[in-house]
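**Q** Here you go, one structure.
The values are calculated or read from the model by the stated rules, or taken from the named source; none is laboratory data. Since we're looking at a predicted model, the values are computed, not measured. All Cβ positions, glycine included, derive from the backbone under ideal geometry; neighbour counts span all protein chains shown. Side chains are part of the model used for accessible areas, which takes the heavy atoms of the whole protein and leaves out ligands, DNA and RNA. Shrake-Rupley method; radii C 1.70, N 1.55, O 1.52, S 1.80 Å.
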Amino acid sequence: PAQTFFTSQDEFPFDVASSDGAGRNAAGGTREAGSALRWSRAYRTQAFYNAAEAIVAADGGAFIAATSTAEGLLVRTDFQGNRVWQRRFTGGYSVSAVKELPDGTLLVGGIRGAGLWVARLSADADVIWARTLTPDEGLINSLHFAGLSGNGLTLGGTLTENNNEFSPYAASILPNGT
């Protein structure tokens, strides 16, 4: 289930308040991001994760997909960078791709074992459906959502075969998961 381990007050916002508003700090130096920085934050978790993808949500917030050695994580923020919720995917599921659909639901996916998995989540991170795709031979070692149309979602990735040859991989899934 979606979980919040820490509140927004427990996060690690970077201090930009010492700036004079023109991108200069009290010592006269400049901030690298200048005055365009709206917010910046590191999100505490209970495991070590590598971020795989971050996308802007329709409401100005963000979705951040991340993976550790044993599980995946999806973090939802509001437009100010505060964590709204997070969902862990345990049991060997990596999370490398996320896409918000026009109806507010999400597609999330990654690698599990030799194949890939894709799930549709509600706006609150409840699972609507989940599918696993495994190739006849070889291993899927990357996934991204290539396109979305009324006919479904196109997935792209890389297939590695036994002789270490890399091949493009593509699949199409209908909105209902078939």
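**Q** Please sort 115-121, 58-64 by packing, taking for each peptide the average over its residues of neighbouring beta carbons within 10 angstrom, highest first.
**A** Put in order of decreasing packing, that is 115-121, 58-64.
**Q** Using protein chains only and a probe of 1.4 angstrom, how many square angstrom of D103 are accessible, to the nearest 10?
**A** Probe radius 1.4 Å; accessible area of D103 about 100 Å².
**Q** Within the accessible area of region 104-162, what % is carbon and sulfur when the probe is 1.4 Å and the other protein chains stay in place?
**A** Answer for region 104-162: carbon and sulfur cover 47 percent of the accessible area.
**Q** Could you state the number of Å between the C-alpha centres of region 44-99 and region 108-178?
**A** 17 Å
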